[in-house]
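Have a look at the structure below, then the notes.
The values are calculated or read from the model by the stated rules, or taken from the named source; none is laboratory data. Keep in mind the model is a prediction, meaning the values are calculated, not measured. Using ideal geometry, Cβ is built from the backbone for each residue, glycine included, and neighbour counts are taken over all protein chains shown.
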Amino acid sequence: MNSSASTKERILTSAEALFAQRGFEGASLRQLTAAAGVNLAAVNYHFGSKEKLVEEVFKRRLDQLSARRLAALKQVAGQPETTLEDILAAFIRPALDLSHDGGGGLFMRVLARAFAEHDDSLRKFLSENYGHVMRQFTTEFARLLPHLSKEELYWRIDLVTGALTHAMSGFGIIQRKSDVSETTHREQTAAHLIRFSAAGLSAP
């Protein structure tokens, strides 16, 4: 990684930590430059504005997550033998993997901030750049759940997404036991969440 790329990565990592801790409005560029060990000119050079910096923090994680989800979905989409659990696995497992990757847990707090702070410009950015991923999954859910109206399906998908976000945050009641590996705990979480979500989506 060259010096410029290293500086950009350092700014993104520091911004992610600050946004998780203080929120998007609460984190100042002065705090960011101090945390990253750079000057304001470096932030402006790489990102141009605070709004673009926020977007890049999301892109760094969500580009990867979207690619993994779509790759998993491609393996099962449109197949007559595909089950609801198969589609849910393609949606859920990559997200749980991300939340346990380096810095992933911190990003989950940033994502929670995005939902809590109701930032319209950020919501627009996320919808424009990642809405197509959700639409592809929704198409498959609709194919497998023809008894649901569009509105009812959207409600249920929204609740599944909420349950997934909660599981990714690591703040649930059920914590990993000391004798259970991180990988095993993640697999247990995925299995329970897929089973729970399938029951909720397919209910009459």
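Of note:
- Filter result for residue 123 (without any contact (Cβ under 8 Å) to a residue 12 or more places away in the chain and within 19 Å of residue 197 (Cβ to Cβ)): no
- Residue 133 in contact with a Leu (Cβ under 8 Å, 6 or more places away or on another chain), surrounded by 12 or more Cβ atoms within 10 Å (Cβ to Cβ), over 23 Å from residue 201 (Cβ atoms) and touching a residue at least 60 places away in the same chain (Cβ under 8 Å): no
- In the set (1) assigned to a helix (DSSP H, G or I); (2) under 30 Å from residue 184 (Cβ atoms); (3) of a type in the set (D, E, K, R); (4) without any contact (Cβ under 8 Å) to a residue 12 or more places away in the chain, residue 152 fails one condition alone, (2).
- So residue 135, is it of a type in the set (Lys, Arg), modelled with pLDDT under 95 and either under 16 Å from the mean Cα position of the chain (by Cα) or assigned to a helix (DSSP H, G or I) (or both): no
- So residue 95, is it surrounded by fewer than 18 Cβ atoms within 10 Å (Cβ to Cβ), of a type in the set (A, V, I, L, M), within 11 Å of the chain's Cα centre (by Cα) and closer than 21 Å to residue 169 by Cα: no
- Summed over region 69-83, residues that are touching a residue at least 40 places away in the same chain (Cβ under 8 Å) and crowded, with 18+ Cβ neighbours inside 10 Å total 2.
- Test: residue in region 111-130 that is under 15 Å from the mean Cα position of the chain (by Cα), modelled with pLDDT of 95 or more and surrounded by 15 or more Cβ atoms within 10 Å (Cβ to Cβ): yes
- Members of region 1-51 found to be assigned to a loop (DSSP other than H, G, I, E, B), exposed (fewer than 15 other Cβ atoms within 10 Å of the Cβ) and not hydroxyl-bearing (Ser, Thr, Tyr), listed by number: 1, 2, 37, 39, 48
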